[in-house]
1. Kindly sort 38, 29 by accessible area of their heavy atoms, largest first, with the probe set to 1.4 Å.
2. Spin-label point model (7 Å from Cα, Cβ direction): what's the residue 36 to residue 7 distance in nm?
3. Could you pull out every residue, at least 5 positions away or on a different chain, whose amide H is within less than 5 Å of the one on residue 26? Hs are placed 1.01 Å off N in the peptide plane, and Pro or chain starts have none.
Amino acid sequence: MNEETKEILLSQIEKLIAYGSQETTINPDLLAYLSMDDLISMRNNLLEKVGKLSDEDKKWLEQFKKYE
């Protein structure tokens, strides 16, 4: 059985929100505030939207990125 962890889900979400050639990093501190259900829901919603993200969706996703 493939057990998903928050870190695995976060990694999957990061890849989905890269939406293009630029790799992103989500602030790992968010893991403390997001439940497994939140992360799974976020990942599944992104999987449905891959390739058809609107500018509004991209703007919303920007809030989760970590900037150095």
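1. Details: 38 70, 29 105 Å².
In descending accessible area the options line up as 29, 38.
2. The answer from the label model is 1.6 nm.
3. 66
The values are calculated or read from the model by the stated rules, or taken from the named source; none is laboratory data. Since we're looking at a predicted model, the values are computed, not measured. Neighbour counts run over all protein chains shown; Cβ positions are idealised from the backbone, glycine included. These accessible areas exclude ligands, DNA and RNA; they are computed on the full protein's heavy atoms, side chains included. Shrake-Rupley method; radii C 1.70, N 1.55, O 1.52, S 1.80 Å.
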